[in-house]
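Notes to accompany the following structure.
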Amino acid sequence: MQQSFELTTPVTLLGRGTDCDLRLVDNGVSRHHVEIRVDGEEVVLEDKGSTNGTFVNGQQVRQARLVDGTRISLGRTTMTFRRD
């Protein structure tokens, strides 16, 4: 199933927690898994100490700059970052 989510705030929290901006129903995802920060033209993903890690284009990362087409994997969930 594919869905889109627009980043409309400077900071977006992704995870299983009910307080997350983007809630992922995936047991492999931590309650507060990653944060995506938008600062002008730069978009940065930061792992928030997740149990299973965060993968960007197949590589485990703690922090990564996102560009159009970047693949992000959290647990069994994979998403693609798109920049208009």
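The values are calculated or read from the model by the stated rules, or taken from the named source; none is laboratory data. Everything numeric in this text was worked out from a predicted model, so none of it was measured. Backbone-built Cβ (ideal geometry, glycine too); neighbour counts: all protein chains shown. Side chains are part of the model used for accessible areas, which takes the heavy atoms of the whole protein and leaves out ligands, DNA and RNA. Shrake-Rupley method; radii C 1.70, N 1.55, O 1.52, S 1.80 Å.
Listed peptides 7-17, 39-49 appear in the order 7-17, 39-49 once ranked by packing, highest mean of other Cβ atoms within 10 Å at the front. Can you tell me the accessible area per residue over the chain, all protein chains present, probe 1.4 angstrom, in square angstrom? Accessible area per residue: 69 Å². Using only Cα coordinates, the Kirkwood hydrodynamic radius of the range 1-75 works out to 12.5 Å. Rounded to the nearest 20, the size of the Cβ-charge dipole of the range 20-59 about its Cα centre is 280 debye, with Lys and Arg at +1 and Asp and Glu at -1.
For the chain, averaging the sequence separation of C-alpha pairs within contact (under 8 Å, six or more residues apart) and dividing by the residue count gives a relative contact order of 21 percent. Given a 1.4 Å probe and every protein chain left where it sits, what share in percent of the accessible area of the chain is carbon and sulfur? Carbon plus sulfur share of accessible area: 41 percent.
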